[in-house]
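Enquirer: Let me give you the structure first, and then I'll get to my questions.
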Amino acid sequence: MIGIQELLTSIEVGLILGIVAIGVFTTFKTINFADMTCDGSFVSGAAVTAVLIRGGINPYLAILASMIAGGIAGVLTAVLNVKYKIADLLAGIIVAYMLYSVNLMVMGNSPSVTFVDHRTIFSDSSLPAVVVMTMLVTAVTCMMFSSFGLKLRAVGYNKQFATTHGIDVDKITILGLAMSNAMIASGGSIFSQFQGFSDVSGGFGMLVMGLASIIVGTNVLPFKREPLLILSCIAGSILYRLFINVALHSDALGIKTQNLNLVTGVIMIGIMLMKGGVNRNAKAK
């Protein structure tokens, strides 16, 4: 059985990775851009944070610096797509591939950097971290209700429609990917501070985790308006972590830690099939 401490840890990690889910939601759902930069920009945020904190920089400034690093990665992916016409999927893969080497260089060519003895936003309590995450989510939510958010959604809905209404599709795409990867990098920054170290392979599977959180949140929760769906990303991330923890601590199922990817895939498929069943029933009526 899962203990109280493990339950609280699942909720805490779910909140942190919910920020990553918001970034993934922005590209995949709002802009309709299949951005694969996520795994690389997540580690970029963690790497920058680890190096700065070890250098004595304030952990909150480290989060800001990580967002700038992630934003640059997003801009590079967007420029490859809108300026040089490289397919969105391929552009993201190329940038994420290059970021592996960049992140290694940032961490001094070391695969991992620890800073457990240095001050982080979790040093005193988890409250400061929750406040920071709340501010980030609030900022993105407000942005999605603004004219910029409307332009983002218009570009995702129909680029031709957006162009005919005077929206600079290329500019909005670049800004959207910058914002998305800045959010993902901030999630990497906060998560690395939670763990006390940064690992160059720590971003592996983050894109799948983000998509899983979106699938869980948008299919389980009643939010329908797109700006409010941001909240479902957070809730979906928490539910996803709880599902994983319950599955891994269920002796009856006999699931081991090494089966994590299998459990994740089964959960995603199960929820999508349930949703498909609901849609089929609705059409039948």
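No lab work stands behind these numbers, since they all come straight from the coordinates. Treat the numbers as computed from the prediction; the structure is a model and nothing was measured. In this analysis, Cβ positions are derived from the backbone assuming ideal geometry, glycine residues included, and neighbour counts consider all displayed protein chains.
Enquirer: Name the long-range amide H neighbours of Phe197: under 5 Å, sequence gap of 5 or more, or other chain; modelled H, no Pro or chain starts.
Expert: Residues meeting the criterion, in which the H sits 1.01 Å from N, are Phe115.
Enquirer: Size of the dipole of the chain about the Cα centre, Lys and Arg at +1 and Asp and Glu at -1 on the beta carbon, nothing else charged, in debye to 20?
Expert: The calculated dipole for the chain is roughly 1000 debye.
Enquirer: Rounded, prolate or oblate: pick one for the chain, where a ≥ b ≥ c are the square roots of the eigenvalues of its C-alpha gyration tensor, a/c under 1.5 means rounded, and failing that, prolate if a/b is larger than b/c, else oblate.
Expert: Because a/c hits 1.5 or more and a/b fails to exceed b/c, the chain counts as oblate.
Enquirer: A follow-up question, please. What helices does the chain hold that run 20 Å or longer along their axis, going by alpha-carbon atoms, with a Kyte-Doolittle average of 0.0 or more, using DSSP H for the helix calls?
Expert: Flagged H segments are 4-25, 38-54, 59-82, 88-106, 127-145, 169-195, 206-220, 229-248, 260-284.
Enquirer: Once you sort the root eigenvalues of the Cα gyration tensor of the range 63-212 as a ≥ b ≥ c, which label holds: rounded (a/c under 1.5), prolate (a/b larger than b/c) or oblate (the other case)?
Expert: oblate
Enquirer: Using alpha-carbon pairs under 8 Å, 6+ residues apart, how would you state the relative contact order of the chain in percent?
Expert: 35 percent
Enquirer: So what is the calculated 222 nm ellipticity per residue for the chain, using -39500 (n - 2.57) for each DSSP H run with n of 4 or more, over all residues, to the nearest 500 deg cm²/dmol?
Expert: Here the helix-only value at 222 nm equals -24500 deg cm²/dmol.
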